[in-house]
Amino acid sequence: MSESPSSPLTTADGVPLKVSLRRAVRRSKIKALLLVSPLLLFLIIAFVMPIFDMLWRSVDNPEVSTNLSRTVEALEGWEGDALPGEPAFAALVEDLQEGQQARNLGLLSSRLNYEKSGMRSTINRTARRVNALEPPYRDALIDINDTWGEIDTWKLIQREAAPLTMSYYLAAIDRQLTVDGEIVKVPDHLEIHVALFWRTFWMSAVITGLTLLLGYPIAFLLSNLPLRHSNLLMILVLLPFWTSLLVRTTTWIAILQSQGVLNDVMVAIGVIADEARWQMIHNKTGTIVAMTHILLPFMILPLYSVMKTIPPSYMRAARSLGGRPFLCFRRIYFPLTIPGIAAGGILVFILSIGYYITPALVGGQSGRFITNYIAYHMQTSLNWGLAAAIASILLFVVIIFYLVFNRLIGVDKVKLG
Amino acid sequence: MNDSLEVEADVRETKDQGECFARFVNVQKSYDGVELVVKGFNLDIQQGEFVTLLGPSGSGKTTCLMMMAGFETPTHGEILLKGEQISGLPPHKRGIGMVFQNYALFPHMTVAENLAFPLEVRHLSKDETRKKVDRALAMVRLEEFGDRRPAQLSGGQQQRVALARALVFEPELVLMDEPLGALDKNLREEMQYEIKRIHASLGVTMIYVTHDQTEALTMSDRIAVFNDGIVQQLATPETLYEEPENAFVAYFIGENNRLQGEVVEHIGDDCQVRLDSGDIVLAKAVAAGGVGARTTLSLRPERVSILLDESLSFDNCFEGHVKEVIYLGDHLRTRLAVCGNDEFILKTPNAKGHPNLRPGQTIKVGWSSKDCRALDA
């Protein structure tokens, strides 16, 4: 007999069916969790946490509030229409004395120097003499360095006491805050990031287009050849994966440089004059050629996986219905490969805008990507906040592309091989 | 050399006759240059005919169809359509409708767009296209489904759309490559009648490929039975079933009891055959060799009678031991051991007064020599 709908289903011993089912699947759930836990842990430690750390660093602003805590406190309520009073100067002296003893004024001076050039030397010079200062501190400080007599300096300290800052993001897009809080462009000679972002995007787009142009016919061939031949071709496609990235990139240097294989051959057969050798490396050409080669498999594989699922009977049906071969391709085959094109395109584009080694090696000055500037700020200028901000912008761009792609095509359509 | 001369002679003959709609003349096909997949295929098809190419997989029947459609090139021989050589013509210029095994409906187009495709490539006006699409949808009774995508249709509906698409541009010849293979049994039967009905109402010529003999028997005007790259027999369904010309056809079409033996004597159209069990059977000599030659006797299970009393008499009467009785509703299938053959099948209709057989029983069975055909070994 069927049970009444109000009473929940139970198993033979009276335990509710849902409880019983949960109990039954718990073991397998625990097992599944145990199986993924090492990788999960690794990903959290090595991937998720660094990303959040980076995002945090791009807005984090601890230097002023920790190193100049007394000064910040003394400046509370200051309107900024005249120089602050003696207590603020005294607090600054105290802060600098403590910082000089602890030898941790470096970060503070760099941080303030990003906002107002000259601040590093001002703080360093003041800190060296701060122990010998006598009150009134106001005159003594201004005596050491005129900067302390400027209202803007104090406004800056007051502003940067905030725990979070936008200035790294503004710097990443070549903007800065004035003392009055307006966002303005940096001087022309300091503008680099926006141009680099655009260059990264359009060169990545060119690389994506080239991989599509070169990869589409190969993927077509790959998916329509008999298995015996397509396996061999697939190995050739995957071969670059088995070679070191560094080796592949340096090989392009050997081929493309002005005393390289290609130029030598061109000179030998008389296409170009010996003194007019083509400059194909350490510029945009070099980056595009090398990266197109390196990223080609990432275009071919998604295309192949989509083309493989298109039965040859579609084209045959279209032909038998009276379509000329090209029309059949345009109307039937091509639209069906769009998920593959989109998947390959998004993959290559995302990989490309984040690429570092190849542009660094073969890009020269003009073929460099924004990633090379992230590395520069990480390793040379040590402005980690700015590096984090640039990297975060790249991350947001990738996420936006991903969301658009997911909306238009659907990520579940992407298969590799 | 000789072959090509023959072909030319054949072609001339066709043109003189001028009545055959489609012709295969001595067509051969090889994919690897080592083996022939189709070995000398000849077939004349009249206008409006429904011809089925029937055979097991790998027998070359689909290859023949693909050669007619233009997707394969004959290695040798000629294919003619309305007296014209079409071997050099690309598929899209042949104007032949085709229904594929998995329908090959374009998944990114709606049903109506699928049907409009052949009309668009022929540059028909929008009005005319819509009219023809509507008519084609009505023909397969899917008027309501024009806006659906193929994936939203059931197998049978997809099949009907494929059929409508192959017919919408009014081709004179329609090829079908196992179009019902993916459907379940009931739907398949329904579609068989539907295709038959459309064929009759449009008068279009159809060439149909299948490995299902029931399908072939139900639908065709004529059937070409393929095996091993050659046509074993080309005949109407009735002739094919009643008068198979060789052991393969007898075995492939319908159910069939096979008895192996040696020809002892020819008596007019008949011959006496000594079976391996020692029994002597009188059979119709269809393709049996001379005295002493090996032969296979073919006997339909429904042509064997149970002899309950002495009133019925046949020229072949033997004892049979009942091994197994299977109840199939409308008929009973009894497996007997007769003349040393343990797989001897007997079909009796489940009619009033049918004998109630039990395994282990011994009965007398008999058949007429007319129904027992002595074929090649």
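The values are calculated or read from the model by the stated rules, or taken from the named source; none is laboratory data. This is a predicted model, so every value here is computed, not measured. FYI the Cβ positions are ideal-geometry reconstructions off the backbone, even for glycines, and counts take in every protein chain you see. The accessibility values were calculated without ligands, DNA or RNA, using every heavy atom of the protein model including side chains. Shrake-Rupley method; radii C 1.70, N 1.55, O 1.52, S 1.80 Å.
Structure notes:
- Scanning the range A:10-47 for residues that are outside any helix (DSSP H, G or I) and either touching a residue at least 12 places away in the same chain (Cβ under 8 Å) or surrounded by 10 or more Cβ atoms within 10 Å (Cβ to Cβ) (or both) gives A:T10, A:T11, A:V15, A:P16.
- For the range A:131-150, a tally of residues being over 25 Å from A:A162 (Cβ atoms), open to solvent by 50 Å² or more (accessible area, probe 1.4 Å) and not in a helix (DSSP H, G or I) returns 3.
- Flag if B:G58 is open to solvent by 20 Å² or more (accessible area, probe 1.4 Å) and either at the interface with chain A (Cβ under 9 Å from one of its Cβ atoms) or more than 19 Å from A:S313 (Cβ to Cβ) (or both): no
- Selected residue (only one of A:A161, A:A91 is part of a helix (DSSP H, G or I) and out of contact with any Gly (no Cβ under 9 Å at 6 or more places or on another chain)): A:A91
- Of the criteria (1) touching a Phe, Trp or Tyr at 6+ places or on another chain (Cβ under 7 Å); (2) part of a helix (DSSP H, G or I), which one A:P84 fails: (2)
- Residue check for B:E78: at pLDDT 90 or above, more than 8 Å from chain A (Cβ to nearest Cβ) and over 29 Å from B:Q152 (Cβ atoms): yes
- Residue tally, condition within 16 Å of B:D371 (Cβ to Cβ) and under 30 Å from the mean Cα position of the chain (by Cα), over the range B:274-297: 10
- Residue, nearest to A:L164 (Cα to Cα), within the range A:368-407, restricted to residues that are in a loop (DSSP other than H, G, I, E, B) and either aliphatic (A, V, I, L, M) or open to solvent by less than 40 Å² (accessible area, probe 1.4 Å) (or both): A:N383
This table checks each residue for (1) surrounded by fewer than 16 Cβ atoms within 10 Å (Cβ to Cβ); (2) farther than 20 Å from B:L65 by Cβ; (3) away from chain A (no Cβ under 11 Å).
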residue	(1), (2), (3)
B:I86	no, no, yes
B:V99	no, no, no
B:T110	no, yes, yes
B:A138	yes, yes, yes
B:V161	no, yes, yes
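- Within the range A:330-346, the set of residues being within 12 Å of another protein chain (Cβ to nearest Cβ) and touching a helix residue (DSSP H, G or I) at 6+ places or on another chain (Cβ under 9 Å) comprises A:R331, A:I332, A:Y333, A:F334, A:L336, A:T337, A:I338, A:P339.
- Inter-residue pairs, beta-carbon under 9 Å, first on the phi > 0 side of the Ramachandran plot and in the range B:345-364, second open to solvent by less than 70 Å² (accessible area, probe 1.4 Å) and in a strand (DSSP E or B), 6+ apart: B:G360/B:V322
- Residue in the range A:197-214 that is outside any helix (DSSP H, G or I), among the aliphatic types (A, V, I, L, M) and either at positive phi or out of contact with any Gly (no Cβ under 7 Å at 6 or more places or on another chain) (or both) present: no
- The set of residues in the range B:114-126 that are at the interface with another protein chain (Cβ under 10 Å from one of its Cβ atoms) and charged (D, E, K, R) comprises B:E120, B:R122.
- Failed condition for B:K352, given (1) basic (K, R); (2) open to solvent by less than 70 Å² (accessible area, probe 1.4 Å); (3) more than 30 Å from B:I267 (Cα to Cα): (2)
- Selection of the range A:164-194 for residues being part of a loop (DSSP other than H, G, I, E, B), modelled with pLDDT of 90 or more, touching a helix residue (DSSP H, G or I) at 6+ places or on another chain (Cβ under 6 Å) and not acidic (D, E) yields only A:I173.
- Within the range A:15-72, tally of residues that are charged (D, E, K, R), farther than 21 Å from A:A387 by Cβ and outside the structural domain of A:Y114 (by TED's automatic domain parsing): 7
- In the range B:195-247, the residues that are open to solvent by less than 10 Å² (accessible area, probe 1.4 Å) and of a type in the set (D, E): B:E215
- Qualifying positions in the range B:163-194 - open to solvent by 20 Å² or more (accessible area, probe 1.4 Å), within 14 Å of another protein chain (Cβ to nearest Cβ) and over 20 Å from B:D221 (Cβ atoms): B:F169, B:E170, B:G181, B:A182
- Verdict on A:R128 being of a type outside the set (V, I, T) and either open to solvent by less than 50 Å² (accessible area, probe 1.4 Å) or within 34 Å of the chain's Cα centre (by Cα) (or both): no
- Selection count, the range B:248-271, where residues are open to solvent by less than 10 Å² (accessible area, probe 1.4 Å) and either in contact with a Gly (Cβ under 9 Å, 6 or more places away or on another chain) or not β-branched (V, I, T) (or both): 6
- The number of residues in the range A:175-220 that are in contact (Cβ under 8 Å) with a residue 24 or more places away in the chain, open to solvent by 70 Å² or more (accessible area, probe 1.4 Å) and touching a strand residue (DSSP E or B) at 6+ places or on another chain (Cβ under 8 Å) comes to 1.
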